[in-house]
Amino acid sequence: MTDYNGQLDVLFKEWEAASIANGDDVISKDGLMKMKDVDVNEMWDKSPVRVMFLLKDQPNGGGDDIRNWLTLPDSNRFARRNREVRGTFLKRLAFLLYGFVYGNTEFGTIKKEDAIKCFLETPFALVETKKQSGGTSVSNRVYINRYRDFLLKEIEILSPNIIVCCGGPQHHFVLHSLYNIETLETIDGNVHYDPEKKVVIVYSPHPRAHCSHEKFFEGAMWHYGIFLKHYPGWPDIHMTSCPGL
């Protein structure tokens, strides 16, 4: 069994040393989201669907570890909110995760309680392209270029097969740094496919985009639906049920 987060911890030590040396301060950590009383490494190893959300940066201050968001102790002021998947950001990710896990591209057919349960019981990864907490001391594009090799290594360790790029810089990085876009199959402008490794790359608006939940969902899943029409037998990728659902 692969220790994904353990490998990431080793990488982050090197990344943080480089960040401090460059005057960019401590980094936030991310990767495979932890669940209580469950070995997420084993679940991720065995999961036919491995969704990674590639985001901009997190707002909670330097040194935060995003992987702990769903397992915070009750004493933490965010614990209950996170476990109940409150707020626009987590709720939108939950619906997207459910959609990708089940191949369900119809927002109106997904029950909120099912999306939440899937979010809490299905392994997935959150990766911030900019490991410095939210702010303008270094731009997203500059940061990505500065720490490109670290970010490439992080994604290589996680080995997702669905990469959800939540924003333009993230999408550009995946198409032009993680991949050479010319080697990818373009399904449409928002969906590309690596037929060799069977990895799907989907553009999504940022989860805090100013639009309805349905419009946000369709911003990614409508295009993913086009991919599914091209590859209706995409190998064993959609679960018949989420763990515990």
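The values are calculated or read from the model by the stated rules, or taken from the named source; none is laboratory data. These numbers come from a predicted model, not from an experiment. Every residue, glycine among them, receives a Cβ derived from its backbone with ideal geometry; neighbour counts consider all protein chains shown. The protein model used for the area step is the full one, side chains on, heavy atoms only, and it has no ligands, DNA or RNA in it. Shrake-Rupley method; radii C 1.70, N 1.55, O 1.52, S 1.80 Å.
Nonpolar atom fraction for region 45-189, defined as the carbon and sulfur part of the 1.4 Å probe accessible area, stands at 47 percent. Taking a sphere under 12 Å around the Cβ of PRO160 and counting the other residues whose Cβ falls inside, with K and R at +1 and D and E at -1, yields a net charge of 0.
Classification of region 156-200 by its C-alpha gyration tensor yields a rounded form. The axis ratio a/c (a ≥ b ≥ c) stays under 1.5.
Measuring between their Cα centroids, region 170-237 and region 26-90 lie 22 Å from each other.
For region 100-139, pairs of C-alpha atoms spaced more than 11 angstrom apart make up 75 percent of the total.
May I ask you to list, by number, the DSSP H helices of the chain whose Cα span along the axis is at least 15 Å and whose average Kyte-Doolittle hydropathy reaches -0.5 or more?
Span-like helices in the chain: 4-21, 88-102, 148-158, 213-230.
Counting only heavy atoms of the protein chains, get the accessible area per residue of region 141-190 (1.4 Å probe) and round it to a whole Å² value.
43
Under conditions of 20 °C and 1.002 mPa s, the chain yields 117 µm² s⁻¹ as its translational diffusion coefficient, taking Rh as the Kirkwood radius over Cα pairs in the Stokes-Einstein equation.
Dipole of the chain computed with +1 at Lys/Arg Cβ and -1 at Asp/Glu Cβ about the Cα centre; of VAL101, VAL40, ALA209, farthest Cα towards the positive end is ALA209.
Over the residues of the chain, the helix contribution to mean residue ellipticity at 222 nm works out to -12000 deg cm²/dmol, using -39500 (n - 2.57) for each DSSP H run of at least 4. The alpha carbon convex hull volume per residue for region 41-117 rounds to 125 Å³. Overall, region 2-100 carries a charge dipole of about 680 debye about its Cα centre when +1 sits on the Cβ of Lys and Arg and -1 on the Cβ of Asp and Glu, all other atoms neutral. When you filter the GluC sites (Glu not before Pro) in region 102-142 for DSSP loop state and at most 13 other Cβ atoms inside 10 Å of their Cβ, you are left with GLU106.
What is the magnitude of the charge dipole of the chain about its Cα centre, with +1 placed on the Cβ of each Lys and Arg, -1 on the Cβ of each Asp and Glu, and no other charges, expressed in debye to the nearest 20?
The dipole magnitude comes to about 760 debye.
In terms of overall dimensions, region 41-182 has a Cα radius of gyration and Dmax of 15.7, 50 angstrom.
For the chain, averaging the sequence separation of C-alpha pairs within contact (under 8 Å, six or more residues apart) and dividing by the residue count gives a relative contact order of 25 percent. Projecting the Cα positions of VAL51, GLY31, LEU120 onto the charge dipole of the chain (unit charges on Cβ atoms of Lys, Arg, Asp and Glu, taken about the Cα centre) puts LEU120 furthest along the positive direction.
Checking the a/c ratio against 1.5 first, then a/b against b/c, what shape does the Cα gyration tensor give for region 164-229? Oblate, since a/c reaches 1.5 and b/c is not below a/b.
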